[in-house]
Amino acid sequence: MSAAAFNSLIRTLARSHVVGDATRDFSAVLSREFELEGLGDAALEGLLRHTGAEAGAILVARDEGMEALASHGLRGIDGLAASDHVRRVLRVDRTELLHVDAPDVIVDSLLVGQAAREILVAPVTFKSVPLGAIVLATPGEFGRDAVRLLEQLRADLGLAVNNALAHDRLERLAAVDPLTDAYNRRFGLARLREEYSRAVRAENPLGILMLDLDHFKTVNDTYGHLVGDRVLRAVAGACRRVVREGDVLIRYGGEEFLVLLPGAGAADVKQVGERIRRAVAETFVEDGDLRVGVTVSLGGTTFREDAESADSLIAEADRALYEAKVSGRDRLVLA
């Protein structure tokens with residue numbers, strides 16, 4: 001009996017060292033990451049390694065819902081945030097180990113290529129405020145200390161995610177125009193120079209659209225600046241709805257916007273420009289009994305080998321925009 005008790009004590013101490021080592025390693029990994037996306041990838045890799053999970057995801061709260069910050073080996077990621085299991089652990093603020101009795105049930109069979117037998121779901125919180133959730137899955141069984149270990153790791157992750165979200169919000173405030181939610185001019189021009197350098201190195205196309213609201217001064221003079229601000233927000237929203245994923249909308253100044261189109265040739269610039277022109281023409285702002293709408297004129301160009309700089313592309317787009325204005329407005333002209 002003494003030997004058995006001694007052996008049990010040794011095993012308990014060994015497991016305690018394992019948990020302690022894992023916690024220190026995980027904390028060291030988190031302390032090296034300040035950007036939200038990099039933090040998610042590093043944290044998930046650590047969670048998989050220390051818990052023995054085959055697959056997993058980290059979800060974070062964004063706006064009114066949650067989205068995957070990082071994932072590996074799972075299917076149906078978009079449905080995880082709406083899962084009853086995730087909602088419950090966020091409500092009770094407690095890690096849950098789920099045993100999948102029917103591996104063919106899609107809602108619980110999360111692994112790609114094989115069924116999950118056990119799933120760990122844990123809330124990510126900071127000072128009792130829910131920030132997201134961890135989902136880990138394995139086709140086998142988790143070790144006896146997996147839940148205890150995850151409880152330790154999620155506390156460190158909550159602090160790191162809270163700091164990264166604060167950093168992300170500060171960066172966003174520095175980069176985004178507060179009225180239209182488009183990127184501001186300073187950030188946008190820096191992004192343009194990055195895309196220009198990338199296009200030169202890789203010999204890839206790069207498109208630029210410059211657009212200006214037609215007769216916007218009349219809108220401000222007739223309806224006031226508050227309505228004018230609403231029109232600017234509506235135009236920016238219309239642009240975001242129709243540009244391609246990866247395109248960058250910039251408020252260049254006043255009622256002028258710039259759209260960067262990485263990888264876009266002349267045909268792509270024309271297509272996106274026409275989509276923007278039509279979307280804005282179909283957008284209206286309601287002001288009492290009034291229905292206020294505007295049109296836009298657009299100038300577009302694409303990167304060519306003889307382009308001297310990113311600024312020269314803006315100058316070309318600006319000249320094309322001027323031509324669109326003097327030739328009747330509500331149209332796109334390509335340089």
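The values are calculated or read from the model by the stated rules, or taken from the named source; none is laboratory data. What you see is a predicted model, and the numbers here were worked out from it, not measured in a lab. As a convention, Cβ positions derive from the backbone with ideal geometry for all residues, glycine included, and neighbour counts pool all protein chains shown.
Has the stretch 257-277 got at least one residue that is out of contact with any Cys (no Cβ under 8 Å at 6 or more places or on another chain), polar (S, T, N, Q) and either within 21 Å of Lys325 (Cβ to Cβ) or not assigned by TED's automatic domain parsing to the domain that holds Leu211 (or both)?
For the stretch 257-277, residues out of contact with any Cys (no Cβ under 8 Å at 6 or more places or on another chain), polar (S, T, N, Q) and either within 21 Å of Lys325 (Cβ to Cβ) or not assigned by TED's automatic domain parsing to the domain that holds Leu211 (or both): absent.
Of all residues in the stretch 145-162, which are surrounded by 19 or more Cβ atoms within 10 Å (Cβ to Cβ), within 29 Å of the chain's Cα centre (by Cα) and among the small types (Gly, Ala, Ser)?
Gly158, Ala160 - these are the residues of the stretch 145-162 that are surrounded by 19 or more Cβ atoms within 10 Å (Cβ to Cβ), within 29 Å of the chain's Cα centre (by Cα) and among the small types (Gly, Ala, Ser).
Might you let me know whether the stretch 32-40 holds any residue that is modelled with pLDDT under 85, part of a helix (DSSP H, G or I) and closer than 17 Å to His167 by Cβ?
yes
Filtering the stretch 171-214 down to residues that are charged (D, E, K, R) and free of Cβ contacts under 8 Å to residues at least 24 places away in the same chain, which residue is farthest from Gly265 (Cα to Cα)?
Glu171
Every residue in the stretch 41-74 that is part of a strand (DSSP E or B) and either over 19 Å from Pro139 (Cβ atoms) or not assigned by TED's automatic domain parsing to the domain that holds Arg144 (or both), please.
Selection gives Ile58, Leu59, Val60, Ala61, Arg62, Gly65, Met66, Glu67, Ala68, Leu69, Ala70.
For the stretch 41-66, name all the residues that are in contact with a strand residue (DSSP E or B) (Cβ under 6 Å, 6 or more places away or on another chain), among the charged types (D, E, K, R) and modelled with pLDDT of 90 or more.
Correct list: Asp41 only.
When you go through (1) over 28 Å from the mean Cα position of the chain (by Cα); (2) in a strand (DSSP E or B); (3) not hydroxyl-bearing (Ser, Thr, Tyr) one by one for Ile208, which number turns out not to apply?
Condition (1) is where Ile208 drops out.
Residues in the stretch 173-222 that are buried (at least 20 other Cβ atoms within 10 Å of the Cβ) and aromatic (Phe, Trp, Tyr): how many?
Qualifying residue count for the region: 2.
Are there strands (runs of 3 or more DSSP E) fully within the stretch 245-335 with at least 2 residues that are of a type in the set (Asp, Glu)? List them.
284-287
Checking Arg144 against (1) of a type in the set (D, E, K, R); (2) over 30 Å from Lys325 (Cβ atoms); (3) in a helix (DSSP H, G or I), which test does it fail?
The failed condition is (3).
Say whether the condition of being closer than 22 Å to Leu36 by Cα, touching a Ser or Thr at 6+ places or on another chain (Cβ under 7 Å) and at pLDDT below 75 is met by at least one residue in the stretch 91-105.
no
Count, please, the residues in the stretch 21-49 that happen to be among the aromatic types (Phe, Trp, Tyr) and crowded, with 22+ Cβ neighbours inside 10 Å.
Result for the stretch 21-49: 1.
Being within 20 Å of the chain's Cα centre (by Cα) and in contact (Cβ under 8 Å) with a residue 60 or more places away in the chain is the filter; apply it to the stretch 50-72 and report the residue that is surrounded by the fewest Cβ atoms within 10 Å (Cβ to Cβ).
Only one residue tops the list, namely Ala61.
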